[in-house]
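Chemist: Here you go, one structure.
The values are calculated or read from the model by the stated rules, or taken from the named source; none is laboratory data. Being a predicted model, the structure only gives us computed values, none of them experimental. When we count neighbours, we look across all protein chains shown, and the Cβ atoms used for this are built from the backbone with ideal geometry, even at glycine. Only protein heavy atoms, including side chains, enter the accessible area calculation; ligands, DNA and RNA are left aside. Shrake-Rupley method; radii C 1.70, N 1.55, O 1.52, S 1.80 Å.
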Amino acid sequence: MAAGTASAAAIPADAADIDANGLNWRSFLAGSDLVWQQLPKNWFDGPFLGNGFLGSGIYAEPGANAVRFNVQHSEVQDHRPEFGSLYGLARLPIGWFTLEPVGTITAVDWRLSLYDAELAGTITTSAGSIALRVIVHNGRSILAVQAKPSDGEAKFRWVFHPAAAVSPRTDPKFNKPAPAGYLPNPAPSTQTGGNATLVTQPLLSGGEHVTAYQEQTRGTVRTLYATVAWSNPDKTAGAKALHTLKSACGNTFDALTRDHRAWWNAFYRQSFLSVPDGRLQSFYWIQLYKVASATRKAAPVMATTGPWLEPTPWPATWWNLNVQLEYWLINGSNHLELDSLTRALSQFRDTLTTQIAAPYNQDSAGICRTTDITLVNGGTVGIPGQDPPTPETGNLTWALHNVWLTYRHTMDTNLLRNTVFPLLRKAINYYLHFLAPGADGKLHLPKTFSPEYGVDTPDTNFDLALIRWGCQTLLDSAQLLHIDDPLAPKWRDVLANLTPYPVDANGFMIGAGQSFAMSHRHYSHMLSVYPLYLVNWEQPENRNLIQTSVNHWISFKGALQGYSYTGAASFAAQMLRGNDSAQYLSDLLRLYIQPNTLYKESGPVIETPLSASQSMHDMVCQSWNGVIRVFPAIPDSWADVTVDSFRTQGAFLLSASRQKGVTRWVRLRSEVGAPCVVRHGIPGQVVVRDPHGRPLRSKELDATTIQIDLPRGGEAVLHRSGDRPDFTVAPVASNGPTAPWGLPA
């Protein structure tokens with residue numbers, strides 16, 4: 001891949017950058033760095049930095065000779081639930097700095113180092129140049145910008161522009177008028193304290209957010225430090241911001257970056273993936289950078305824009321697809337430290353009950369389509385058979401499938417006992433209030449809403465799939481946890497008597513009496529196939545139904561969006577059609593992904609690129625129904641693939657190498673001693689040994705599937721008998737040169 005020329009890259013590798021396999025991580029990830037040799041004009045073109053809380057997007061100030069450095073924060077929101085989650089609880093914009101040079105900007109040369117999570121490079125003007133280094137510190141809510149101007153640019157200036165504290169949805173261009181009585185928050189006030197400036201934004205509901213900043217000069221080097229703090233209902237944000245600012249200003253920029261770099265350098269090493277499609281490989285590593293910039297376990301659940309709030313009609317967290325897709329990649333990539341979803345559902349579980357209407361809230365739970373950071377909507381979850389509010393009832397159950405995936409990838413029974421089981425029990429209870437036998441003796445569901453087809457229908461496939469998955473998961477969990485639950489007979493009755501999925505000649509319908517008959521970006525009607533795998537390709541009797549449904553859905557082009565293509569790629573991967581998966585991802589990158597790998601529909605959203613990483617995971621490894629499938633859907637053009645420390649269900653860490661179109665070796669390490677069944681794909685007779693070469697007990701289930709007796713902490717190595725493979729984990733050769741992401745020359 002072309003590396004670009006930006007000065008940011010020029011940090012020499014040392015021994016600390018090289019792992020036990022001899023992989024030079026600095027050099028490897030430099031091939032995926034984003035490069036700008038044109039001045040970016042908006043959020044979709046420019047660099048972005050973040051730590052799950054503080055975020056900054058960098059691009060030209062519209063209509064001015066300046067560069068904008070946005071300052072946004074994932075905790076900053078309004079607190080007026082009477083106006084709903086999209087207005088009264090909306091994420092609030094904070095503001096931005098402009099770097100205003102002396103001369104006219106004539107060129108930029110920037111590079112975003114993924115390995116160090118640092119932007120560096122130069123701004124060239126008619127008066128000289130300014131060399132920049134920029135971070136959003138990993139562990140502190142600090143934006144730090146070091147500037148080294150030439151003599152002609154010594155008098156460049158920084159200006160802070162506070163944004164109006166109003167829901168971005170009120171922007172007239174979105175044509176979404178605010179509710180009656182909704183008023184903007186008051187104007188901010190500015191104070192100085194010593195060398196620091198504090199911009200305090202009071203809120204009508206109480207509380208505040210404060211932006212504090214200070215510039216330090218050492219010789220000719222000027223460094224801007226900025227932070228944001230939020231408090232509600234008290235007004236303590238100013239003191240918090242000032243404390244954070246003073247702590248940071250006591251460090252040089254180099255000192256500030258040491259622990260920042262240490263975290264990021266270690267972050268990437270938790271897993272490894274290399275494919276010969278250079279642009280897609282770079283895209284993948286940028287998504288890991290992006291998700292770690294957008295969330296951490298202690299951070300809010302990702303909103304539609306992550307921490308990089310921009311004008312948007314969607315200034316909230318969306319639960320009917322966005323959240324679920326955003327978090328899938330954290331499991332396979334072995335980055336559970338980013339799982340704010342599981343943490344938030346557990347922490348705010350009481351909210352999930354209080355937003356169910358009486359009398360159902362005595363034993364049920366649900367989540368509305370949109371919420372704030374505490375999962376509050378300001379209204380109630382829809383009721384099956386009624387409208388309004390829209391009876392969209394499956395969002396919590398689907399989100400809990402994500403939490404269950406976290407359990408399955410860790411086998412943490414405490415997570416199953418304390419979060420999955422009690423919350424899923426309440427989510428399924430909500431459905432149980434409305435299931436009733438019909439004339440056919442089967443249990444039926446009144447009209448609900450299948451995201452986002454546009455009509456309410458009885459027996460939606462979306463809800464039927466979630467009910468089936470939920471009841472089976474509750475029964476399995478109760479058995480594992482030794483819980484004698486009085487509802488178990490009811491769950492079994494539902495599984496035995498729930499009406500079949502409505503289908504017609506075109507495959508899965510939206511619901512009973514409602515065919516899939518128009519272009520629709522969601523694949524909610526096919527949730528039983530993916531990601532639930534209740535109906536799957538390994539059931540021969542269902543293959544025609546799956547094929548027909550997917551073909552019919554994706555054939556309606558008009559309303560498809562980017563995540564339609566990531567979904568299609570994952571469906572194709574389940575069908576073992578790697579060429580089709582690769583084509584869908586190629587179409588996604590060509591049609592929808594922006595220069596910096598961000599994504600937009602009528603506003604900026606981040607779920608689609610992140611879900612594309614999961615589509616890649618589905619191509620290189622699938623683990624469902626108790627079987628680990630190695631390289632199940634590799635396209636013909638990927639002759640070589642390497643994966644290392646890929647986390648699978650059952651809490652296994654998988655490493656494997658595909659060379660010249662053949663799986664050469666597979667290595668599995670068990671963290672908890674769960675049953676190990678692996679479909680390895682290695683041709684011929686296979687040997688199964690421990691790392692010391694001693695045979696392990698195993699049972700061949702078919703030509704490429706083996707059951708291995710692998711205890712907790714045990715490791716198995718598989719390869720063809722007589723082969724002597726090299727088990728070194730290393731990048732594979734690219735199929736050809738590709739331009740870097742960003743705006744290269």
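Chemist: For the chain, which whole percent of the accessible surface, found with a 1.4 angstrom probe, sits on carbon and sulfur atoms?
Modeler: 51
Chemist: How much length is gained if the chain between residue 503 and residue 347 is pulled fully straight, taking 0.36 nm per residue apart and subtracting their Cα-Cα distance, in nm to one decimal?
Modeler: The residue 503-residue 347 span can extend by a further 52.3 nm.
Chemist: Could you quote the convex hull projected area for the chain, Cα atoms only and averaged over all directions, in nm²?
Modeler: Result: a mean projected hull area of 32.2 nm².
Chemist: How much length, in nm to one decimal, is gained on full extension between residue 187 and residue 533, taken as 0.36 nm per residue of separation minus their Cα-Cα distance?
Modeler: 119.4 nm
Chemist: What nm distance separates the two modelled labels at residue 583 and residue 247, each placed 7 Å from Cα along Cα→Cβ?
Modeler: Result for the modelled spin labels: 5.4 nm.
Chemist: Give the peptides 430-441, 22-33, 174-185 in descending order of average Cβ contacts within 10 Å, highest first.
Modeler: The densest-packed peptide leads the list: 22-33, 430-441, 174-185.
Chemist: Give the calculated FRET efficiency between residue 174 and residue 452 to the nearest 0.05, with a Förster radius of 22 Å applied to their Cβ-Cβ distance.
Modeler: Given R0 = 22 Å and the Cβ-Cβ separation, E is 0.80.
Chemist: Moving to a separate point now. So what's the gap between the Cα centers of region 144-158 and region 606-633, to the nearest angstrom?
Modeler: 46
Chemist: For the pair residue 482/residue 159, report the inter-label distance in nm, with labels modelled 7 Å from Cα in the Cβ direction.
Modeler: 7.0
Chemist: Hey, another quick one. If I model region 176-297 as equal point scatterers sitting on the Cα atoms and use the Debye formula, what is log10 I(q)/I(0) at q = 0.10 Å⁻¹?
Modeler: These q points yield log10 I(q)/I(0) values of -0.54.
Chemist: Which whole-number percent is the relative contact order of region 41-179 (Cα, under 8 Å, 6+ apart)?
Modeler: Here the relative contact order equals 23 percent.
Chemist: Mind checking Rg over Rh on region 209-361, alpha carbons, Kirkwood formula for Rh?
Modeler: Rg divided by Rh gives 1.03.
Chemist: For region 16-97, what does the alpha-carbon gyration tensor say about shape, rounded, prolate or oblate, given a ≥ b ≥ c as the root eigenvalues, a/c under 1.5 as rounded, and a/b over b/c as prolate?
Modeler: oblate
Chemist: Please get the size of the charge dipole for the chain, origin at its Cα centre, with Cβ charges of +1 on Lys and Arg and -1 on Asp and Glu, quoted in debye to the nearest 20.
Modeler: 800
Chemist: Go through 381-392, 82-93, 203-214 and give me the packing order, highest mean Cβ count within 10 Å leading.
Modeler: Listed from highest to lowest mean packing, they are 82-93, 203-214, 381-392.
Chemist: Here's something else I'd like to know. Can you classify region 372-440 as rounded, prolate or oblate using the Cα gyration tensor, where a ≥ b ≥ c are the square roots of its eigenvalues, rounded means a/c under 1.5, and otherwise it's prolate if a/b beats b/c and oblate if not?
Modeler: oblate
Chemist: Between region 387-403 and region 246-300, how many Å separate their Cα centres?
Modeler: For region 387-403 versus region 246-300, the Cα centre distance is 32 Å.
Chemist: Give the residue from 334, 370, 345 lying farthest towards the positive end of the charge dipole for region 330-418; charges sit on Cβ (+1 for Lys and Arg, -1 for Asp and Glu) and the dipole is referred to the Cα centre.
Modeler: The one lying farthest along the dipole's positive direction is 334.
Chemist: In the structure shown, do any of 41/173; 297/426; 155/240; 426/490; 246/297 have a Cα-Cα gap over 21 Å, and if so which?
Modeler: Table pairs above 21 Å Cα-Cα are 297/426; 155/240; 246/297.
Chemist: So for each of 404-413, 500-509 I average, over its residues, the number of other beta carbons within 10 Å; can you give me the resulting order with the highest mean first?
Modeler: The most tightly packed comes first, giving 404-413, 500-509.
Chemist: What number comes out for accessible area per residue over region 615-745 if the probe is 1.4 Å? Units Å², please.
Modeler: Ligands and nucleic acids excluded, the result is 43 Å² per residue.
Chemist: Apply the a/c threshold of 1.5 to the C-alpha gyration tensor of region 1-149 and tell me whether it is rounded, prolate or oblate.
Modeler: Cα axes put region 1-149 in the oblate bin.
Chemist: Which net charge results for the neighbourhood of residue 398, defined as the other residues with beta-carbon distances under 11 angstrom from its beta-carbon, given Lys and Arg at +1 and Asp and Glu at -1?
Modeler: Within the 11 Å Cβ shell, the charges total -2.
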